[in-house]
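What follows is a short report on a single structure.
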Amino acid sequence: MKAAAEARAGAPILHADPFTREFMDDPYPHFEAMREAGPALWSPQYECYVVARHDDVQRVLSEWQTFSSAAGVGLANFNKEKPWRPPSIVLEADPPLHTRTRTVLARTMTPGIVRKLREQFEREAELLVDRMLDMGEFDGIADFAEYYPTKVFPDALGLPEKGRENLLPYGAMVFNSFGPQNEFTQAAMANADAVRGWIMANCARAELTKDGLGAMIYAAVDSGELKEDEAAMLVRSFLSAGVDTTVNAFGNLLWCLATHPAQWKKLREKPELARNAFEESLRYEGPAQAFFRTTTKDVEIGGVKVGADEKICAFMQSANRDPRRWERADEFDIERKVVGHMGFGTGIHGCVGQPIARLEGEAVFAAFARKAATIELAGEPKRQYNNVLRAFSSLPVRATRQ
Ligand code: OVV
């Protein structure tokens, strides 16, 4: 205990509270101050370390032997606190368990499978964009961003139609719970039992279609790679990680385009830039702000000595704006070489669903680029406060046809 206190004293103090409205309204000056203060900061409020520079975030997310996920990837340390739900067997796990479960998940998202999904995803994207252009004025969140990832992705999984309105509340529970138990987490947990009940019930083999990605997970039970209850947990991972993230990626990119007319013009002229525009939005205004790790041993981060069993918050969205890594870090540029962004994380836990996320983003925003002439804000966007997701609750947009 004493050693830990001394080690902590070596790190600059983080005074800002990342889990407040004030911080979330404009996190970027805070990120800059965090990066400037040093490679690893200590938050006395949350009793955790914070890394905010690109190189340090990349290192913490890459060295899984030292920076473990098994004690949870939120602020809560599962070595000391009971998790609010049974831990994810892929996200909140280290090798060898993680290797086995991730292998099964990755098999459902190979290039061959993505190719088969493409036609359906593109058809739905056209319908969605046509509907928005018919409306002329629409809410970029309720009408647009929330629609598609709660439709095509669950369809691809083979999830029943009934009850899908539980997906977004569950996402809010999951992502807020990675932060402290503050007002945002408490609000998200208001209807926790009913939401959780629906999620778990619909992860069962009997509820899923025979031809979806969910059924592929259960095929790994039949081949002896997973137990039946592990398959349900991996379907739960799809539902936890695959909906709220893409919803807010869509909302954030729509906001980027509505507020950066020169970039919108470029995209309109070259709809084939949609894939890179989506990628750049994950750098510039990514939905997933941060994940935590837990140290497995004493370690040094840029001269700061960190003890074992300490929580470290890796601020991915700060890494994405670090001028040490990016030229014109605070400019949204859809033609930028954006490889190396932390929007999907990195390392063994880097987003396993990214092929599907990219397919969704490309399908929808290429359709927008082909069909729309103008796109602009029609009112003040409102922020959705979430401990980990950067999100809007409402985004009034006006768009006209080409
Ligand atoms: C990446 C991510 C976010 C949230 C939940 C999960 C994964 C999960 O595996 O449950």
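The values are calculated or read from the model by the stated rules, or taken from the named source; none is laboratory data. Nothing here was measured: the structure is a model prediction, and the numbers come from that model. Glycine also receives a Cβ, built like all others from the backbone with ideal geometry; neighbour counts cover every protein chain displayed. Surface accessibility is based on the protein's heavy atoms, side chains included, excluding ligands, DNA and RNA. Shrake-Rupley method; radii C 1.70, N 1.55, O 1.52, S 1.80 Å.
Points to keep in mind about this one:
- Phi-based couplings in Hz for the stretch 181-196 (Karplus 6.51, -1.76, 1.60; Gly and Pro marked x): 7, 9, 4, 5, 5, 4, 5, 5, 8, 3, 10, 4, 5, 5, 5, 4
- Choice from VAL339, VAL57, VAL247 with maximal GNM fluctuation in the chain (Cα, 10 Å cutoff): VAL339
- Cross-link pairs exceeding 18 Å in C-alpha to C-alpha distance, out of LYS266/LYS371; LYS265/LYS371; LYS116/LYS210; LYS116/LYS337, comprise LYS116/LYS337.
- Loop sites by DSSP among the trypsin sites (Lys or Arg not before Pro) of the chain, restricted to those with at most 12 other Cβ atoms within 10 angstrom, leave 81-161 as the longest stretch without any of them.
- Taking all pairs of distinct alpha-carbon atoms in the stretch 87-166, Kirkwood radius in angstrom: 15.1 Å
- Proximal lysines relative to LYS80, as straight alpha-carbon distance under 22 Å, when same-chain residues fewer than 8 apart are discounted: LYS2, LYS297, LYS305, LYS311
- Accessible area in square angstrom per residue, the chain, 1.4 angstrom probe: 41 Å²
- Reducing the stretch 77-97 and the stretch 385-402 to their Cα centroids gives an inter-centroid distance of 32 Å.
- Heavy-atom accessible area, probed at 1.4 angstrom with all protein chains present, ranks GLU146, GLU362 as GLU146, GLU362, highest first.
- Expressed as a fraction of 2.2 N^0.38 Å, the value expected for a compact globular protein of N residues, the C-alpha radius of gyration of the stretch 288-402 is 1.39.
- Gyration tensor verdict on the chain (Cα atoms; rounded if a/c is under 1.5, prolate if a/b is larger than b/c, oblate otherwise): oblate
- Gain on full stretching of the segment that runs from GLN186 to ASP229 - 0.36 nm per residue minus C-alpha separation: 12.7 nm
- Value at 222 nm in deg cm²/dmol, rounded to 500, when DSSP H runs of n ≥ 4 in the chain each add -39,500 (n - 2.57): -14000 deg cm²/dmol
- Share of carbon and sulfur in the accessible heavy-atom surface of the chain [1.4 Å probe, %]: 53 percent
- Cα gyration tensor, the stretch 87-222 - rounded (a/c under 1.5), prolate or oblate: oblate
- Extending 7 Å from the Cα toward the beta-carbon at both ALA204 and LYS162 defines two label points whose distance is 1.3 nm.
- Overall, the anisotropy analysis places the stretch 210-319 in the oblate class: the square-rooted eigenvalues a ≥ b ≥ c of its C-alpha gyration tensor yield a/c not less than 1.5, with a/b not exceeding b/c.
- A simple charge model with +1 on the Cβ of Lys and Arg, -1 on the Cβ of Asp and Glu and nothing else charged puts the dipole of the stretch 252-329 at about 260 debye relative to its Cα centre.
- Solvent-accessible surface (1.4 angstrom probe) belonging to TRP64, in square angstrom, nearest 10: 70 Å²
- Gap separating the Cα centres of the stretch 130-209 and the stretch 321-370, nearest whole Å: 23 Å
- The Rg/Rh ratio of the stretch 1-151, with both radii computed over alpha carbons and Rh defined as the Kirkwood radius, is 1.08.
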